[in-house]
1. Would you check which residues across the range 541-569 are without any contact (Cβ under 8 Å) to a residue 40 or more places away in the chain and either surrounded by fewer than 15 Cβ atoms within 10 Å (Cβ to Cβ) or among the polar types (S, T, N, Q) (or both) and list them?
2. What tally of residues in the range 467-500 results from selecting those that are among the aromatic types (Phe, Trp, Tyr) and at pLDDT 90 or above?
3. Got a number for residues in the range 501-516 being in contact with a Phe, Trp or Tyr (Cβ under 8 Å, 6 or more places away or on another chain) and at pLDDT 85 or above?
4. Is it the case that some residue within the range 623-639 is modelled with pLDDT of 70 or more, within 17 Å of residue 539 (Cβ to Cβ) and part of a helix (DSSP H, G or I)?
5. Checking the structure you have, find out if any residue of the range 612-619 is modelled with pLDDT of 70 or more and among the aliphatic types (A, V, I, L, M).
6. What are the residues in the range 469-502 that are part of a loop (DSSP other than H, G, I, E, B), within 13 Å of residue 555 (Cβ to Cβ) and either within 26 Å of the chain's Cα centre (by Cα) or free of Cβ contacts under 8 Å to residues at least 24 places away in the same chain (or both), if any?
7. Pick from 92, 130: which is surrounded by 20 or more Cβ atoms within 10 Å (Cβ to Cβ), at pLDDT 85 or above, assigned by TED's automatic domain parsing to the domain that holds residue 51 and among the small types (Gly, Ala, Ser)?
8. Return the residue satisfying two criteria in turn: it lies in the range 251-270 and is without any contact (Cβ under 8 Å) to a residue 60 or more places away in the chain and under 26 Å from the mean Cα position of the chain (by Cα), and of such residues it is farthest from residue 306 (Cα to Cα).
Amino acid sequence: MPLAQLKEPWPLMELVPLDPENGQASGEEAGLQPSKDEGVLKEISITHHVKAGSEKADPSHFELLKVLGQGSFGKVFLVRKVTRPDSGHLYAMKVLKKATLKVRDRVRTKMERDILADVNHPFVVKLHYAFQTEGKLYLILDFLRGGDLFTRLSKEVMFTEEDVKFYLAELALGLDHLHSLGIIYRDLKPENILLDEEGHIKLTDFGLSKEAIDHEKKAYSFCGTVEYMAPEVVNRQGHTHSADWWSYGVLMFEMLTGSLPFQGKDRKETMTLILKAKLGMPQFLSTEAQSLLRALFKRNPANRLGSGPDGAEEIKRHVFYSTIDWNKLYRREIKPPFKPAVAQPDDTFYFDTEFTSRTPKDSPGIPPSAGAHQLFRGFSFVATGLMEDDGKPRATQAPLHAVVQQLHGKNLVFSDGYVVKETIGVGSYSECKRCVHKATNMEYAVKVIDKSKRDPSEEIEILLRYGQHPNIITLKDVYDDGKHVYLVTELMRGGELLDKILRQKFFSEREASFVLHTISKTVEYLHSQGVVHRDLKPSNILYVDESGNPECLRICDFGFAKQLRAENGLLMTPCYTANFVAPEVLKRQGYDEGCDIWSLGILLYTMLAGYTPFANGPSDTPEEILTRIGSGKFTLSGGNWNTVSDTAKTAAHQAPPSLGFSRQEYWSGLPFPSPMHESEK
């Protein structure tokens, strides 16, 4: 994992031996005894499960959209409900063909359905419907768009121990809830921890969970992924919910160090290491983290943290979690360190294109053998590979953008999906046109970017990640034909803010206040996420409709925008930025933020005056404008200024602020009354 100390994954680390404990292994034959539950030979029928307030479902109630994954027993589809009351809602549908399943595997499927039906928790995937036909079993689950936690973090973000703590804490609450229902998870591993669109975790895949045990009873089956197995699972001496806390420790170690604590050259050696090896504890970890890992890696499960009568409360009380407010965490009131880039509601950017490019057909394949652990392995994320913007011309036949491959596979032609209409605007590197989606007859705008002049990767990534903000333009679709990239966005029917200023000559103070407040809050949000726009101007601020309401404003054209990144190109969480980013990088970022704030000041002046403060006319040269900016002289008298109040003039005199004006200074006191202040009067 790319923590601060792991800029080059993964360096050799000086390890301090951890005192081994008495294990339960009886030799190399440990783990070879037959399982006590391997001989289950009875058919179990899966009964219906119905979402609250809904009717009993069947396959005809769901429209197949895309294949998300395929495992040994069947397929996972992205589906849309077509019947009420939840028509239009997206789900993940797991379809299992009975003929493919051994009878014992049907028991596991029944087990998964029963567990999911019983569980209702913010950090566990929810089962909405379950039903069967003569030949197939159906589980209708949450569709989680964020991909799996580990792949996202390892390939996209620089994060800290404090960030890791957030995910581990949510995971602890999810496991604790399962344990309270008598469920041992038994298959805790990276690909089973998914992210929703906000960045919170969800535990998924319960095909190997053991249900309805109390803390005195033990399970004996050999299951799960070997690297994450507890010693008592490996040697089959029987295991309880305490085995999950060992696996939890493995995940914690992997997230903090980027490597597994016990991993041999093959399965047998890995099992031997789990049973006997001393653990090397990396010294760059905090003492609190080392303490928790030592408490979790107890080979005797009775001594393991979390195995006592208080269960997970023992873990929650550990000093490592002293900064966590568990009640707020459960209510999802703590902001995740990382928000996945999620665009249109039915996107599948974070699932393997091997599956998403296939035509969805409700016909699960029948592989030669069926391993239970492959029941739901479809959710594997393929990260977006962003190219560096070095300013050099790109080859005209550049590779397809990764996002485009996820959306459309290789069979993509923009004209197949859209009819292009008139030109809306023309820029240095792109052209914007109105277009109509053939299938729905909906109108959109398409920005056509010449790839030989500019790499649009950063713009796409920023729009995907932050386009869900109400005042940032929403990216609907992306196409790439090798020469051009087509960004399909919502159509701004209300036109530019600049046009409105020119039509009205100037804004009233109240209207200017509302506009400035809306745009300032949006820019503040972008800056808090490490994004600078760098081209804020009235022509890049548009109205989505003709109402003229400030809440309908959208900041557009992120062609010059930048996302703050580490030296290795990865994004950084706010915690990482605050603790590990070099001062000169922060200074440069602050300068870019200052440029945005300067632009807000220009916007305020322009709205009140009806013209810009430093440009006198279209014949002005850049040198003349820069000279006026350098002098800092601009007028607040004559023309529209004669009708502007002294209060507004004072605010305008403070704007544009100097480029040294800090973000904190600016956001703590905007140079103009906010709409909230206006409404309170």
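1. Initially, the range 541-569 is screened for residues without any contact (Cβ under 8 Å) to a residue 40 or more places away in the chain, giving 549, 560, 564-565.
549 - this is the single residue of the range 541-569 that is without any contact (Cβ under 8 Å) to a residue 40 or more places away in the chain and either surrounded by fewer than 15 Cβ atoms within 10 Å (Cβ to Cβ) or among the polar types (S, T, N, Q) (or both).
2. Step one: of the range 467-500, the residues among the aromatic types (Phe, Trp, Tyr) are 479, 486.
Pick out the ones that are also at pLDDT 90 or above and you get 486.
Looking only at that region, the number is 1.
3. Here is the first cut: in the range 501-516, the ones in contact with a Phe, Trp or Tyr (Cβ under 8 Å, 6 or more places away or on another chain) are 501, 512-513, 515-516.
Those left that are additionally at pLDDT 85 or above: 512-513, 515-516.
So the count comes out to 4.
4. no
5. Taking the range 612-619 first, the residues modelled with pLDDT of 70 or more are 612-613.
Filter once more, keeping what is among the aliphatic types (A, V, I, L, M): none.
Scanning the range 612-619, I find no residue that is modelled with pLDDT of 70 or more and among the aliphatic types (A, V, I, L, M), so the answer is no.
6. Going through the range 469-502, the residues part of a loop (DSSP other than H, G, I, E, B) turn out to be 469-471, 473-474, 481-483, 491-494.
Add one more test, that the residue is within 13 Å of residue 555 (Cβ to Cβ), and what stays is 469-471, 473-474, 492.
Residues satisfying the conditions are 469, 470, 471, 473, 474.
7. Numbers: 130 fails: at pLDDT 85 or above.
Step by step, each of 92, 130 is checked, and only 92 is surrounded by 20 or more Cβ atoms within 10 Å (Cβ to Cβ), at pLDDT 85 or above, assigned by TED's automatic domain parsing to the domain that holds residue 51 and among the small types (Gly, Ala, Ser).
8. Here is the first cut: in the range 251-270, the residues without any contact (Cβ under 8 Å) to a residue 60 or more places away in the chain are 253, 260-267, 269-270.
With the extra rule that they be under 26 Å from the mean Cα position of the chain (by Cα), the set shrinks to 253, 260.
Values: 253: 17, 260: 21 Å.
The qualifying residue farthest from residue 306 (Cα to Cα) is 260.
The values are calculated or read from the model by the stated rules, or taken from the named source; none is laboratory data. Bear in mind that the values here come from a model prediction, so they are computed numbers and not experimental data. Note that each Cβ is placed from the backbone with ideal geometry, even for glycine, and that neighbours are counted across all protein chains shown.
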